[in-house]
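Take a look at the structure set out below.
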Amino acid sequence: MKNKGLLIGCGVGAVLVVIIIGIVMWGVGIYNDLVRIDESVTQSWSQVENQYQRRFDLIPNLVNTVKGVAEFEKETFTAVTEARSKVGQINAGEVLNDPAKFEQFQAAQGELSSALSRLMVVVENYPQLKANENFLQLQAQLEGTENRISVERMKFTQRVQEYNTRIRQFPANIIAGVAGFTVKPNFSAQPGADQAPKVEF
Amino acid sequence: MRFILLILSIGILSAQPEFPVLQKYANDFTGTISSSNLNSFENQLKRFDDTTSNQIVFLMNSSMDGYPIEMYTYEVASKNKIGSKENNNGVLFYVAKNDRKMRIEVGYGLEGALPDALASSIIRNDVAPYFKRDNYAAGVQAGINSIISATKGEYKREDRQSDDDESGGAFWIYLIFLLIFFIFGKGNRGGLLGAVILGNTLGGGRSSGGFSSGGFGGFTGGGGSFGGGGASGGW
């Protein structure tokens, strides 16, 4: 009689242990998956950052080349330089986990984009520049960089969508909550298109 | 209501152009370039792939139907997976004849060897002058030559062959082991388990161990990815 009870107790215990091990393994699996997706978001964000940095570094050279020929367009240069310095003040490393800073980053980059595109429109009025190989190469670099930015933003947007969906879906959201995975900010469809860029003269 | 939504969504889907699936290194869907020229481009590009593993693909069609060229070439190059997976060393040289636009789309791994400024210069100084005189074959040849000379020092093909052999060998040893297990497995259980694993191995082996690109004629993408590098131009 006693022996039988012990046996049943042991059996139940063993089953419980197996279930607990199963649950833990399952949780670890989900957690590792979340870490993987989180890492891919961070990685694609650093690609976005790289391309914005590349544009940032390109601007002084471009402005100097254009300045020599189109010296009457002071306001356009000032707008570009001011927008650039605003971008420079943001520490891009902290942006990804802070929605307010992300918003700020996006607005500043959007302002720089529109200042730059105005500069490139103004430049159309100077045929000398169109024949200047140095300028044409800088223009190609700027276009290439803008294009890279949009490609990397697109990839980043997809990764963040995948991540945000994953951490809010049912079983994963429990693990995400316990382990502190939070929703990440994403780009809105068009940078700075929702608000007219402010330019101070 | 649902029906209207369905029709709308089909409309949106078909607004995207169809991106061509490329089976050759040199593709002209407009019939502009003579087949002997096209064949010589094909051989030149295939040889370049065989020796360097860089995949350069030329594509000419009539129009992008209003799609922006940067998005178009990014999609074509990515969907066809030009370049190898390890090195991302693919280049797409694209010409939209009736749009009078062209672009050199450069994979991640060749952005150093073929930067935007150089790609732009190839388009403006090497290719466009010929295109302006309606000499398309000579323009394409000039473009291909310039892209090849910019990228030829970047990678060498040597690893792929041995890599394939290695994984292929492991696969066969595994298969023989499983066969033995299958034949001498005790009773139904062992046999069934063996059969299941054997089936899986055969199925999986076919897709992973198999015949990668560079084999017999034609172009097969190697899994390269793109980040929007390159330059566009017109004539």
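The values are calculated or read from the model by the stated rules, or taken from the named source; none is laboratory data. The structure presented is a predicted model; accordingly, all values stated were derived computationally and were not measured. Cβ atoms come from the backbone with ideal geometry, glycine included; neighbour counts cover every protein chain shown. Just the protein is used for accessible areas: all its heavy atoms, side chains included, with ligands, DNA and RNA removed. Shrake-Rupley method; radii C 1.70, N 1.55, O 1.52, S 1.80 Å.
Things to note:
- Charge tally for A:A100 (other residues, Cβ to Cβ under 14 Å; Lys, Arg +1; Asp, Glu -1): -1.
- Length added when fully stretched, A:I174-A:A131, from 0.36 nm per residue minus Cα-Cα: 9.3 nm
- Under a model in which nothing but the beta-carbon of Lys, Arg (+1) and Asp, Glu (-1) is charged, region A:31-179 shows a dipole of about 180 debye around its Cα centre.
- Heavy-atom accessible area buried between chains B and A is around 1200 Å² (1.4 Å probe, both sides summed).
- FRET efficiency estimate (nearest 0.05) - Cβ-Cβ, B:N39 to A:S85, R0 45 angstrom: 0.20
- Scanning residues 5 or more positions from B:N27 or on other chains, those with amide H under 5 Å from its amide H are B:F58, B:L59, B:M60, with H placed 1.01 Å from N in the peptide plane.
- Shape of region A:31-179, Cα gyration tensor, a/c cut at 1.5: prolate
- Entry note, region A:48-191: relative contact order of 34 percent, from Cα contacts under 8 Å with a spacing of 6+ residues.
- Our helix-only sum for chain A, with -39,500 (n - 2.57) per DSSP H run of n ≥ 4 divided by its residues, gives a mean residue ellipticity at 222 nm of -28000 deg cm²/dmol.
- Rounded if a/c under 1.5, otherwise prolate or oblate - region B:85-146, Cα gyration tensor axes: prolate
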